[in-house]
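The values are calculated or read from the model by the stated rules, or taken from the named source; none is laboratory data. Fair warning: this is a prediction, and the values are worked out from it, not measured in the lab. Neighbour counts are summed over all protein chains in view; Cβ atoms, including those assigned to glycine, are modelled from backbone coordinates with ideal geometry.
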């Protein structure tokens with residue numbers, strides 16, 4: 001792959017880094033909560049925790065799962081579902097944002113595969129596990145909130161955080177310690193369920 005294409009693929013794949021998206025995830029949930037859309041806020045956090053927790057657990061036991069694909073599909077796809085369902089009261093603009101988020105999630109998956117970070121099987125595993133979050137959010141009841149002004153502010157805050165923190169990654173040492181902790185939890189779970 002030419003270096004310019006590799007640079008574009010790396011830039012795109014960085015939208016699958018949870019560390020960079022975590023503040024945006026918190027901001028989106030907080031904005032929903034403050035806009036009195038409490039069931040949507042709870043669903044946002046619960047669905048992401050379940051989906052990404054399962055992805056981390058599967059990675060810890062060396063199952064074929066791409067973390068970038070899982071994060072991209074769960075977070076970007078989940079936010080797209082909220083936008084498509086007009087959870088932020090933005091009307092037609094929300095549907096355009098939803099389509100762009102789905103395209104970005106797909107681009108992350110393509111970039112990860114093009115960079116040879118994961119096999120097609122790993123990618124499929126990440127997509128399936130990540131899809132649990134948007135699927136769960138599609139079923140939750142969304143209350144009417146305070147209005148489009150709050151929704152527009154939420155979109156600006158979430159997008160601003162995602163763009164500002166784009167490219168931030170865990171260093172190898174921190175990632176290793178997190179991986180060891182997840183492996184210990186997975187091993188304890190295995191012993192408890194055996």
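Structural remarks
- Pair list, Cβ < 7 Å and 6+ apart or interchain, from the range 65-83 residues that are at positive phi and at pLDDT 95 or above to residues that are assigned to a helix (DSSP H, G or I) and buried (at least 24 other Cβ atoms within 10 Å of the Cβ): none
- Yes/no for residue 30 being within 18 Å of the chain's Cα centre (by Cα) and either at pLDDT below 85 or surrounded by fewer than 20 Cβ atoms within 10 Å (Cβ to Cβ) (or both): yes
- Per-region count, the range 1-23, residues without any contact (Cβ under 8 Å) to a residue 40 or more places away in the chain and within 25 Å of residue 129 (Cα to Cα): 1
- Evaluated against (1) more than 30 Å from residue 5 (Cα to Cα); (2) in contact (Cβ under 8 Å) with a residue 60 or more places away in the chain, residue 138 falls short on exactly one condition, (2).
- Some residue of the range 86-105 being closer than 30 Å to residue 187 by Cβ, touching a residue at least 12 places away in the same chain (Cβ under 8 Å), surrounded by fewer than 24 Cβ atoms within 10 Å (Cβ to Cβ) and in contact with a helix residue (DSSP H, G or I) (Cβ under 6 Å, 6 or more places away or on another chain): no
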